[in-house]
1. Residues that are more than 20 Å from the chain's Cα centre (by Cα) and among the polar types (S, T, N, Q): find the strands (runs of 3 or more DSSP E) completely inside the stretch 178-269 holding 1 or more of those.
2. From Thr267, Thr255, grab the single residue that is open to solvent by less than 60 Å² (accessible area, probe 1.4 Å), without any contact (Cβ under 8 Å) to a residue 60 or more places away in the chain and either within 16 Å of the ligand (Cβ to nearest atom) or aromatic (Phe, Trp, Tyr) (or both).
3. Hey, among Val247, Val300, which residue is over 22 Å from Leu91 (Cα atoms), surrounded by 18 or more Cβ atoms within 10 Å (Cβ to Cβ) and away from the ligand (no atom under 16 Å from the Cβ)?
4. Select from the stretch 87-126 the residues that are touching a residue at least 40 places away in the same chain (Cβ under 8 Å), in contact with a helix residue (DSSP H, G or I) (Cβ under 9 Å, 6 or more places away or on another chain) and among the aliphatic types (A, V, I, L, M) and list them in ascending order.
5. Please work out if Val94 is under 23 Å from Glu212 (Cβ atoms) and not in a helix (DSSP H, G or I).
6. Does Trp235 satisfy being open to solvent by 60 Å² or more (accessible area, probe 1.4 Å), within 16 Å of the ligand (Cβ to nearest atom) and at pLDDT below 95?
7. Could you list, in sequence order, all residues of the stretch 100-147 that are assigned to a helix (DSSP H, G or I) and modelled with pLDDT under 85?
8. Among the listed residues Leu198, Leu203, Leu211, which satisfies the condition of being more than 16 Å from the ligand (Cβ to nearest atom) and touching a residue at least 24 places away in the same chain (Cβ under 8 Å)?
Amino acid sequence: MDTKVFINEQIALLQKQIGEGRVLLALSGGVDSSVCAALLQRAVPGRLVCVHVNHGLMRAGESEAVVAQFSGMLGDNLIYVDASDRFLGKLAGVADPEQKRKIIGTEFIRVFEEEAGKLNGIGFLAQGTIYPDIVESGAEGHKAVKAHHNVGGLPEDLGFSLVEPIRDLYKDQVREVGLALGLPPEMVWRQPFPGPGLGVRCLGAITRERLEMVRQSDAILRAMFEDAGLAGRVWQYFTLVPEFKSVGVRDDARTWEYPVIIRAVNTTDAMTATIEPLDIGFLQKVAERILAGVAGVNRVLYDLTGKPPGTIEWE
Ligand code: XMP
């Protein structure tokens with residue numbers, strides 16, 4: 001793919017499709033939606049409205065970072081919605097992964113529709129869907145692996161025309177486009193973060209307690225990857241917390257607490273992945289920090305599974 005040619009073609013297509021209309025985009029702050037926003041802002045400046053929905057499943061400090069990064073570009077056209085309580089309420093007690101994804105996807109659309117309803121003259125809805133999302137959701141004749149929340153969740157009667165400018169691209173191509181559009185490298189090289197967020201890393205029925213363990217351990221892992229110079233080198237790295245507990249001992253007393261599982265993988269297109277052979281000394285230091293810093297955790301494990309047979313996320 002020639003990146004410049006792609007950008008110019010897409011800008012021309014978007015201008016033709018959107019005309020004098022206004023376009024709405026759900027901006028998660030991930031690479032895909034950020035690149036989508038930059039492309040649209042270039043194509044139809046001033047007529048892109050972005051909504052950032054905080055579903056309560058964001059990483060530590062993430063919503064704040066999105067607002068800080070995009071308010072300069074979009075001004076009043078950036079809308080921030082804190083819907084954490086609403087999402088966590090709907091998810092309470094739901095353990096099935098596909099059902100969790102559906103709830104998050106549906107609720108997302110509802111919040112989004114409500115925000116759209118408050119705006120005037122929006123004719124288009126943009127989505128940062130990329131090619132692997134389409135393949136893995138079983139669309140267009142492919143066998144379904146997981147219901148990615150960008151795909152298939154939209155109700156038919158939404159009343160907007162759909163705009164998906166990066167739907168034919170793989171992740172590495174999306175990054176090239178982002179860089180060519182002048183997005184800062186730290187944004188473009190940000191590791192992928194799934195639409196359902198930490199919701200698919202707080203396994204089974206989500207509780208605020210375990211969600212906080214995921215969030216805090218993830219923040220520790222990310223900071224340590226950055227300090228060790230691994231952040232730009234490893235494709236995706238994160239922590240997750242399962243639903244089971246195990247026995248441990250701390251200060252001569254028995255504990256009955258959760259494990260944190262570390263996952264670090266490399267891939268080019270997310271269709272297959274290999275694990276990062278992390279140094280054991282580094283892993284031990286990460287484990288020590290997590291065990292010292294995150295309440296309710298008494299073990300740290302490292303996932304040695306490639307894709308296949310594992311998927312990158314556990315749900
Ligand atoms: P899996 O777990 O299917 O993940 O091997 C492949 C890549 O996709 C990300 N992922 C998602 N991204 N919505 C997204 O936007 C989703 O529902 C979703 N599920 C997984 C995952 O983090 C990995 O990078």
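The values are calculated or read from the model by the stated rules, or taken from the named source; none is laboratory data. Owing to the predicted nature of the structure, the values given are computational and were not obtained by experimental measurement. With ideal geometry, Cβ positions are generated from the backbone for all residues, glycine too; neighbour counts draw on all protein chains shown. With ligands, DNA and RNA removed, areas are computed over all heavy atoms of the protein, side chains included. Shrake-Rupley method; radii C 1.70, N 1.55, O 1.52, S 1.80 Å.
1. On the way: elements: 236-240, 246-250, 253-266.
Strands (runs of 3 or more DSSP E) meeting the threshold: 246-250, 253-266.
2. Details: Thr255 fails: either within 16 Å of the ligand (Cβ to nearest atom) or aromatic (Phe, Trp, Tyr) (or both).
After ruling out the rest, the residue left standing is Thr267.
3. Working: Val247 fails: surrounded by 18 or more Cβ atoms within 10 Å (Cβ to Cβ).
Answer to the selection: Val300.
4. If the condition is that a residue be touching a residue at least 40 places away in the same chain (Cβ under 8 Å), in contact with a helix residue (DSSP H, G or I) (Cβ under 9 Å, 6 or more places away or on another chain) and among the aliphatic types (A, V, I, L, M), then Leu88, Leu91, Val94, Ile104, Val111, Ile122, Leu125, Ala126 are the ones that fit.
5. On the way: under 23 Å from Glu212 (Cβ atoms): yes; not in a helix (DSSP H, G or I): yes.
Yes, satisfied.
6. Values: open to solvent by 60 Å² or more (accessible area, probe 1.4 Å): no; within 16 Å of the ligand (Cβ to nearest atom): yes; at pLDDT below 95: yes.
So Trp235 does not fit the description; no.
7. Quick first cut of the stretch 100-147, residues assigned to a helix (DSSP H, G or I) only: 100-117, 131-136, 139-141.
Selection gives Pro132, Asp133, Ile134, Val135, Glu136, Ala139, Glu140, Gly141.
8. On the way: Leu198 fails: more than 16 Å from the ligand (Cβ to nearest atom); Leu203 fails: more than 16 Å from the ligand (Cβ to nearest atom).
Step by step, each of Leu198, Leu203, Leu211 is checked, and only Leu211 is more than 16 Å from the ligand (Cβ to nearest atom) and touching a residue at least 24 places away in the same chain (Cβ under 8 Å).
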